[in-house]
Amino acid sequence: MNPYTLTLLRHGEIDHDGRLIGLTDLPLTEHGHHQLGRSWQRISSLAPVTAIASSPLQRCREFAVKQALSGSLTLKVDPRFAEMDFGGWDGQPVADLERVHPGWGEALADGRLSPPGGESFEAFRTRVLAGLADWMTEARGSHRLLVTHGGVITVLMAELLGTDFSVAKLMTVQRGGFVQLSMLEGHPAYLLRLESACAD
């Protein structure tokens, strides 16, 4: 199998107002649209995109559909690339969560805590990795782009770079930013670049 570049593009800004947003289907703000447009220009200038996949949530899907149509690119919209299902926590102020469950993010990632009515971190990780494995068998070309969410990107970076989730989380991809990995089957991924959103 030939090497290829995998770009993980995080959706742009949403009107989250300090709340935890998982499967709540919020649209991008005007600034969020601008962020993705600028990042797409930067990504395309590095190498033409040959295939696109996306989360089905509006903040990812609308942009992915637009780019796929304008570039006549193959698009896969897969629910396995959606953000984690936070159940009863979805839409709650992050400050309130931290007050009730100090260190909830770390407890979630190591399996000590699961959101009420949502999915465990291991279930989330398993579905994301299965989605990527399936898409990689279908996608073609040397530059594959996934439009998705912060949690999904961190899971994929941890797996592909062979590091802990807590370490991958330190390499945060800001909203509207992206990370690029060089991929070759049977070999660890190689980090090419990590860039914040270009639009200010």
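Points worth noting:
- Calculated [θ] (222 nm, deg cm²/dmol) that DSSP helices of n ≥ 4 give over the chain, each run adding -39,500 (n - 2.57): -12000 deg cm²/dmol
- For R193, the residues whose amide H sits under 5 Å from its own are Q180, ignoring neighbours fewer than 5 places away on the same chain, with H placed 1.01 Å from N.
- Sulfur and carbon atoms: percent of accessible area, region 1-64 [1.4 Å]: 47 percent
- For region 1-120: rounded, prolate or oblate by the Cα gyration tensor [a/c cutoff 1.5]: prolate
- Amide proton proximity set for L145, modelled H, under 5 Å, gap of 5+: T7, T50, A51, I52, A53
- With both labels modelled 7 Å from their Cα along Cα-to-Cβ, the H187 to T163 distance reads 2.0 nm.
- Alpha carbon convex hull of the chain, projected area averaged over orientations, nm²: 10.5 nm²
- Prolate is the label for region 98-178, because the ratio a/c of its alpha-carbon gyration tensor axes (a ≥ b ≥ c) is 1.5 or higher and a/b is greater than b/c.
- Total formal charge among the other residues, if their Cβ is under 14 angstrom from that of A109, Lys/Arg +1 and Asp/Glu -1: -3
- Fraction of antiparallel bridges per DSSP, the chain only, in percent to nearest 5: 50 percent
- HN-Hα J in Hz across region 74-91 - Karplus 6.51, -1.76, 1.60, θ = phi - 60°, x for Gly and Pro: 5, 10, 10, 9, 10, x, 6, 9, 6, 5, 4, 7, 8, x, x, 7, 4, x
- Accessible area of region 9-62 divided out per residue, in Å², using a probe of 1.4 angstrom: 44 Å²
- Centroid-to-centroid separation of region 1-43 and region 125-179 [C-alpha atoms, Å]: 13 Å
- Couplings 3J(HN,Hα) for region 120-127, derived from phi with the Karplus relation 6.51 cos²θ - 1.76 cosθ + 1.60 (θ = phi - 60°), are 6, 4, 5, 5, 4, 4, 4, 5 Hz, where x marks Gly and Pro.
- When the inverse distances between all different Cα atoms of region 84-130 are averaged and flipped, the Kirkwood radius reads 10.9 angstrom.
- Nearest-10 value in Å² for the accessible area of M84, using the 1.4 Å probe: 10 Å²
- One compactness figure for region 12-70 is 1.19, namely its Cα radius of gyration divided by 2.2 N^0.38 Å.
The values are calculated or read from the model by the stated rules, or taken from the named source; none is laboratory data. Since we're looking at a predicted model, the values are computed, not measured. Note that each Cβ is placed from the backbone with ideal geometry, even for glycine, and that neighbours are counted across all protein chains shown. Just the protein is used for accessible areas: all its heavy atoms, side chains included, with ligands, DNA and RNA removed. Shrake-Rupley method; radii C 1.70, N 1.55, O 1.52, S 1.80 Å.
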